[in-house]
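Peer 1: Please read through the structure below; I'll follow up with questions.
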Amino acid sequence: MAICGVRASLSLLKTKSPFFHYVPLHGFSSSQLSSQFENQTSSSNGLGDDEQLNEKSVGFIGLGNMGSRMANNLIKNGYKVAVHDINCNVMKMFSDMGVPTKETPFEVAEASDVVITMLPSSSHVLDVYTGPNGLLRSANPMRPQLLIDSSTIDPQTSRKVSVAVSNCILKEKKDHWEKPVMLDAPVSGGVLAAEAGTLTFMVGGSEDAYLAAKPLFLSMGKNAIYCGGAGTGSAAKICNNLALAVSMLGVSEAFVLGQSLGISAGTLTKVLNTSSARCWSSDSYNPVPGVMEGVPASRNYTGGFASKLMVGDLAYFSLAKDLNLAATSAKEVGLQCPLTYQAQEIYTELCKDGHENKDFSCVFRHYYSGQDEL
């Protein structure tokens, strides 16, 4: 069957790589990163040049907070990766570490058998795929057999791009692939999960392509869930975003009410996390400073998911997209979603008050005026 050939083909994408496992964390200098790279390359048992030239390649486009870590995990798991981003500083950092960089998405396509994109918005996705220097430039025959978009965008754009990809032809038909295939595969888990390789992928498109690509997903995450046809991965992500935003508001509101009634946030956290109200916002991403280490609330709400992305600002990349996608999708299908609109209003106000670059859990402090746990 075709799927057997596809799986075999993608398994060949793996190759031992001497490239540095790039992790763009604050506090690391270029010299420190270069030193780590030298240590890794000196101890690498990479394949010889001839062997590597015969291996297939993965292209990665979009090296923001999420994409850089996802690309790093692919490299760490033995994939040969080439990258592209509009941020010249990030490109230089990868180049300095020995990772091949490409000037345009089209150049990535020319050098890759699989391409993964991780971009800020629908317009960026359309430009990278169908723009003048895009992956599908001038409907030329393509090298990539599989294209995976992990951006958080509206399902309509995912379906539009999927159709455009399916109308292209391959330069070389391989392993029963008659045409290139597109998967929409947004992620959940945020920067920490991208760093740890524990993301969840929600995947829409051909089920055969999903099964073939699963090793790629599990090199960057711990879960990959097939959602259905084209656009259903994006739809699942929008629904996840909506629940995430509303649950954070509910948890923050409960903590502030508890404080007002004389219950400390630490005590109420214990109650919530051993009771029916337990959720990700209470047990893994607690919004109260002083209650949990390693979350944005413990570092003045930095290093997480910017609130402005919850309400549709097109700033560069983060944990999730925005509530506007959910609101727009609800309107398109004629569904009443009062909590969606209320959450949208609250996060819009938060941004207007100057907190747009803070993690979205800052709603506890800056909207509800909650108090830190001492």
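Peer 1: I'd like to check something: does the stretch 142-150 contain any residue that is within 21 Å of the chain's Cα centre (by Cα), free of Cβ contacts under 8 Å to residues at least 60 places away in the same chain and open to solvent by less than 40 Å² (accessible area, probe 1.4 Å)?
Peer 2: The answer is yes, given that some residue of the stretch 142-150 is within 21 Å of the chain's Cα centre (by Cα), free of Cβ contacts under 8 Å to residues at least 60 places away in the same chain and open to solvent by less than 40 Å² (accessible area, probe 1.4 Å).
Peer 1: Now a separate question. Being part of a helix (DSSP H, G or I), within 19 Å of Asn286 (Cβ to Cβ) and charged (D, E, K, R) is the filter here; which residues of the stretch 340-374 pass it?
Peer 2: The answer is Arg365, and nothing else.
Peer 1: Here are some conditions: (1) under 22 Å from Val246 (Cβ atoms); (2) open to solvent by 50 Å² or more (accessible area, probe 1.4 Å). Val295 meets all but one. Which one does it not meet?
Peer 2: For Val295, the failing item is (2).
Peer 1: May I pose another question? Kindly list the number of the only condition in (1) surrounded by 17 or more Cβ atoms within 10 Å (Cβ to Cβ); (2) part of a loop (DSSP other than H, G, I, E, B); (3) at pLDDT below 95 that fails for Asn286.
Peer 2: For Asn286, the exception is condition (3).
Peer 1: When you scan the stretch 85-187 for helices (runs of 4 or more DSSP H) that lie fully inside it, which ones turn up with 3 or more residues that are closer than 23 Å to Gly229 by Cα? Spell out how you get there, then give the answer.
Peer 2: On the way: elements: 88-96, 105-111, 122-130, 155-166.
Ranges flagged: 122-130, 155-166.
Peer 1: Now, a different point. Out of the stretch 252-277, which residues are open to solvent by less than 30 Å² (accessible area, probe 1.4 Å) and either assigned to a loop (DSSP other than H, G, I, E, B) or without any contact (Cβ under 8 Å) to a residue 60 or more places away in the chain (or both)? Please lay out each step first, then the result.
Peer 2: Within the stretch 252-277, the first condition is being open to solvent by less than 30 Å² (accessible area, probe 1.4 Å), and the residues that meet it are 252, 255-256, 258, 265-266, 268-269, 272.
If the condition is that a residue be open to solvent by less than 30 Å² (accessible area, probe 1.4 Å) and either assigned to a loop (DSSP other than H, G, I, E, B) or without any contact (Cβ under 8 Å) to a residue 60 or more places away in the chain (or both), then Gly258, Leu268, Thr269, Leu272 are the ones that fit.
Peer 1: While we're looking at this one, here's another question. Suppose we keep only residues that are open to solvent by less than 40 Å² (accessible area, probe 1.4 Å) and among the hydroxyl-bearing types (Ser, Thr, Tyr) within the stretch 218-246. Which one would you say is nearest to Asp372 (Cα to Cα)?
Peer 2: Ser234
Peer 1: Residues in the stretch 67-74: is at least one over 16 Å from Asp113 (Cβ atoms), open to solvent by 20 Å² or more (accessible area, probe 1.4 Å), at pLDDT below 95 and part of a helix (DSSP H, G or I)?
Peer 2: no
Peer 1: From Leu192, Leu170, Leu135, which residue is modelled with pLDDT of 95 or more and out of contact with any Gly (no Cβ under 6 Å at 6 or more places or on another chain)? Explain how you work it out, then say what you get.
Peer 2: Values: Leu192 fails: modelled with pLDDT of 95 or more; Leu170 fails: modelled with pLDDT of 95 or more.
Of the residues listed, the single one that is modelled with pLDDT of 95 or more and out of contact with any Gly (no Cβ under 6 Å at 6 or more places or on another chain) is Leu135.
Peer 1: Any idea which of Ala235, Ala212, Ala194 is touching a residue at least 60 places away in the same chain (Cβ under 8 Å), part of a helix (DSSP H, G or I), under 17 Å from the mean Cα position of the chain (by Cα) and more than 24 Å from Gly303 (Cβ to Cβ)? First the steps, then the outcome.
Peer 2: On the way: Ala212 fails: under 17 Å from the mean Cα position of the chain (by Cα); Ala194 fails: more than 24 Å from Gly303 (Cβ to Cβ).
Within the list Ala235, Ala212, Ala194, the selection yields Ala235.
Peer 1: If I ask for residues that are touching a strand residue (DSSP E or B) at 6+ places or on another chain (Cβ under 7 Å) and open to solvent by 40 Å² or more (accessible area, probe 1.4 Å), which ones from the stretch 80-100 would you list?
Peer 2: Of everything in the stretch 80-100, those that are touching a strand residue (DSSP E or B) at 6+ places or on another chain (Cβ under 7 Å) and open to solvent by 40 Å² or more (accessible area, probe 1.4 Å) turn out to be Ser95, Pro100.
Peer 1: Okay, moving on. How about the stretch 197-209: which of its residues are open to solvent by less than 50 Å² (accessible area, probe 1.4 Å) and in a helix (DSSP H, G or I)?
Peer 2: Ala209
Peer 1: If you check Phe28, Phe37, Phe106, which single one turns out to be modelled with pLDDT under 90 and open to solvent by less than 50 Å² (accessible area, probe 1.4 Å)? Lay out the reasoning, then the answer.
Peer 2: Values: Phe28 fails: open to solvent by less than 50 Å² (accessible area, probe 1.4 Å); Phe106 fails: modelled with pLDDT under 90.
Answer to the check: Phe37.
The values are calculated or read from the model by the stated rules, or taken from the named source; none is laboratory data. Since this is a predicted model, take the numbers as computed values, not measurements. When we count neighbours, we look across all protein chains shown, and the Cβ atoms used for this are built from the backbone with ideal geometry, even at glycine. Just so you know, the surface numbers come from the protein's heavy atoms only, side chains and all, with ligands and any DNA or RNA stripped out. Shrake-Rupley method; radii C 1.70, N 1.55, O 1.52, S 1.80 Å.
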